[in-house]
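Structure record follows, encoded as structure tokens.
The values are calculated or read from the model by the stated rules, or taken from the named source; none is laboratory data. Fair warning: this is a prediction, and the values are worked out from it, not measured in the lab. Backbone-built Cβ (ideal geometry, glycine too); neighbour counts: all protein chains shown.
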Amino acid sequence: MLVQALLTGLNNFHKVPFYRVLTIFNVFVCISMVVCLISTYDGKPEYRKLQACIEKNLKIIGATVPFFDNIELLPNVKVNESSIIIDITNIYIRKILEKNADVLSSALPKNYIVNDYYLSKDEKKFLINYENINKPTRYIFNSLIELNKTFENFNSYVVPLDKKRSINLKEQPHLLITGASGSGKSYYSMFLVAYCLNKGFDTYILDFKQSYTMFEDTKAVVAFTVDEIAEKIQVVRDQLHERQCAMKDYLRMDNNLVACQCGFAPLVVFVEEFTALMNSGADKKVLKDIEATLLEISSIGRTASVHLVLITQVASATNLNTSIRSNLTPLVMGNGSSTIYETALGCKVPDVMTKFEKGEGLAKFDVDIFKFSTPTLNFPLREFVYGQE
């Protein structure tokens, strides 16, 4: 039996060299059979896929295996829609699984990826979390009531992205939203403005192209001309400095605190079409001061809960100060070439998907690059803005 052979090999691992080969052989068989359970999750084993995955992984040690056609030979394993749980009672099994767990991704069916793997706290189970990358993750709301109910328990420093991931402003304090016209970037940006207002955030909109006129009669501070933008950005800068001073005592107690945890409302500055603003032909000193303040916010605003959301079609070095860009979490939306995505994300993006629907794109949180789908409202955005149907 497979399990018996595995345990026998492990117990004699230190005695005979042959058992070392047998142990690795059996563990790879177990790993391969476990991950292939995903394709047999509906109770109908696909033996050809099972055999292919086993053989693929065992090529690493130059082994070949006969065809296993009995799923019951597997060790104590549970598979659900998002994880595989393997019972472990032998330290050698644990060590070998930990060492070779990186082969799991290559063994999974094409539309599945491994997110992480780890030991349980009691060290008796090995857990493998995976996901189906084709599974829909977009929020779709048919009413304002449904939307408010979904987000009512979100923390004060969290804003929605899709069902799988939210944006934690403590970890991703500043955003770059970029994409061509029609990609959905402006709609998502307006959704975020409405969300911030709904949550009681101090909200500033610096909109040189005057696309956000629907927010003029809200609690948001809206500026359209260069002079108005310069005036409002100075107000934000003053508030940033005031919050920094007020946070000194809190930070002495806990240097991980941010202002929204100490009684301050998050303050979010939306800058629509930053490139158009910088190329407006206005006084260079005024534009330079605006850019300097945005750089200051992106550099030190996190602790003060002062956040920057910069929206632009192009995020190249010629259109966006690289020091500012390096402080922003990029969300790239719409169909585009690998070059466009690599410029915004700041790294190579192999086999980038270019067939995105409106509101979809790629984001980069630290080193993690992933696909996202922004919320869809099947009712007028204005209802969310003004809080009534």
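So which residues in the stretch 216-231 are buried (at least 18 other Cβ atoms within 10 Å of the Cβ) and part of a helix (DSSP H, G or I)?
Within the stretch 216-231, Val226, Ile229, Ala230 meet the criteria.
Whether any residue in the stretch 356-378 is modelled with pLDDT of 85 or more, more than 22 Å from Ile167 (Cα to Cα) and either more than 17 Å from the chain's Cα centre (by Cα) or outside the structural domain of Leu277 (by TED's automatic domain parsing) (or both) is what I want to check.
yes
Can Val159 be described as closer than 30 Å to Tyr187 by Cβ, at pLDDT 65 or above and of a type in the set (A, V, I, L, M)?
yes
Can you report the number of residues in the stretch 144-186 which are among the charged types (D, E, K, R), more than 30 Å from Thr275 (Cα to Cα) and either within 14 Å of the chain's Cα centre (by Cα) or crowded, with 17+ Cβ neighbours inside 10 Å (or both)?
2
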